[in-house]
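Shown next, in structure tokens, is the structure this report addresses.
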Amino acid sequence: MKSLQAVSRALFDSLRDLLPIIIVIGFFQFAVLQQPIPNFGEIALGIVFVVIGLTLFVQGLNMGLFPIGETMAYAFASKGNIFWLLCFAFSLGFGTTIAEPALIAVAQEAARVAADGGLIAADKLSQNSYAQGLRYTVAVSVGIAIVVGVFRIVMGWPIQYLIVIGYLGVVIMTFFAPDEIIGIAYDSGGVTTSTITVPLVTALGVGLASSIKGRNPMVDGFGLIAFASLTPMIFVMAYGMLV
């Protein structure tokens with residue numbers, strides 16, 4: 001009975017979270033466009049699938065990704081080996097980013113538009129190469145960002161100064177980067193902080209700050225996502241200047 005109540009509560013929470021989107025779409029469809037919703041049955045079934053998927057995803061985060069991230073961070077901090085901690089931070093940032101569905105979609109779309117605009121060859125091989133290069137550039141930049149963020153937690157540096165320096169770098173790079181790559185670079189900073197990267201990286205930061213004496217998880221544990229969204233903008237603009 002308790003399990004059934006927990007499942008029902010989780011489904012209700014997911015539906016509640018999606019309700020504003022449903023209301024907005026329904027309002028503009030019926031009140032502004034004044035048209036019936038096409039394929040209503042398929043759309044309704046799709047909404048049900050989204051509610052179920054979101055419920056399972058959130059439960060998976062709470063049961064799997066958050067605990068494993070915090071546990072591994074605590075284990076590395078207990079060993080006191082900064083080298084392996086930083087190696088783990090880079091690998092985590094690189095691995096989660098390269099698997100981000102949002103980044104894959106943006107990279108493929110950027111390659112298609114670049115081919116249509118004559119910036120690269122229109123064949124499939126050139127587009128795949130461009131998209132792969134963009135993905136690996138973003139993944140390396142996020143790996144480096146997580147290393148910097150972890151090192152900041154270990155050393156106890158205030159985050160605001162590093163963020164200001166980083167965004168100054170973004171502004172400076174904007175003046176030198178080709179116009180065609182600037183928008184992609186800015187969007188790359190956003191798509192890296194998505195469904196796979198955010199839970200693991202957040203758990204890493206909070207777990208590490210909780211396991212180091214003198215660190216406050218609220219002050220020092222958060223902020224890794226800010227680095228992960230900042231460095232791709234710089235690296236992708238550099239990629240555009242080189243490619």
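The values are calculated or read from the model by the stated rules, or taken from the named source; none is laboratory data. Every value quoted in this text rests on a predicted model; they were computed, and no experiment measured them. Methodologically, a virtual Cβ is constructed for each residue, glycine included, from the backbone with ideal geometry; neighbour enumeration extends over all protein chains shown. Remember, those area values only see protein heavy atoms, side chains included, never the ligands or the DNA or RNA. Shrake-Rupley method; radii C 1.70, N 1.55, O 1.52, S 1.80 Å.
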- Task: Putting +1 on Lys and Arg Cβ atoms and -1 on Asp and Glu Cβ atoms, find which of TYR186, VAL142, ILE47 reaches farthest to the positive end of the dipole of the chain.
- Result: VAL142
- Item | Heavy atoms of MET72 accessible to a 1.4 Å probe, total area in Å² rounded to 10 | 70
- Solvent exposure ordering (accessible area, 1.4 Å, most first) of TYR74, TYR130, TYR186: TYR74, TYR186, TYR130
- Keeping all protein chains in place, calculate the accessible area per residue for segment 90-243 (probe 1.4 angstrom), answer in Å². 46
- So what is the diffusion coefficient of segment 1-71 in µm² per second by Stokes-Einstein at 20 °C and 1.002 mPa s, using a Kirkwood Rh over Cα pairs? 151
- Item | Distribution of pairwise C-alpha distances over segment 99-140, 10 Å bins, in % | 34, 53, 13
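Ratio of segment 103-243's C-alpha Rg to 2.2 N^0.38 Å, to two decimals? Can you show the working numbers first?
Details: Rg = 16.6 Å, N = 141, 2.2 N^0.38 = 14.4 Å.
This ratio for segment 103-243 stands at 1.15.
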- Task: Could you order LEU19, LEU200, LEU230, LEU168 by accessible surface area, starting with the largest, using a probe radius of 1.4 Å?
- Result: LEU168, LEU19, LEU200, LEU230
- Per DSSP H run of at least 4 residues, take -39500 (n - 2.57); add these up for the chain, divide by its residues and hand me the 222 nm value, nearest 500 deg cm²/dmol. -27000 deg cm²/dmol
- Item | Gyration tensor (alpha-carbon) shape descriptor, segment 57-118, a/c threshold 1.5 | oblate
- Calculate the radius of gyration of the Cα atoms of the chain to one decimal place, then report Dmax, the largest Cα-Cα distance, as a whole number, both in Å. 21.1, 64
- Over the residues of segment 165-243, compute the C-alpha Rg and express it relative to 2.2 N^0.38 Å. 1.31
- Taking a 1.4 Å probe, which of PHE94, PHE49 shows the most accessible area, and what order do the others take after it? PHE49, PHE94
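In the chain, carbon and sulfur make up what percent of the accessible area (probe 1.4 Å)?
On the chain, the fraction of accessible area on carbon and sulfur atoms equals 72 percent.
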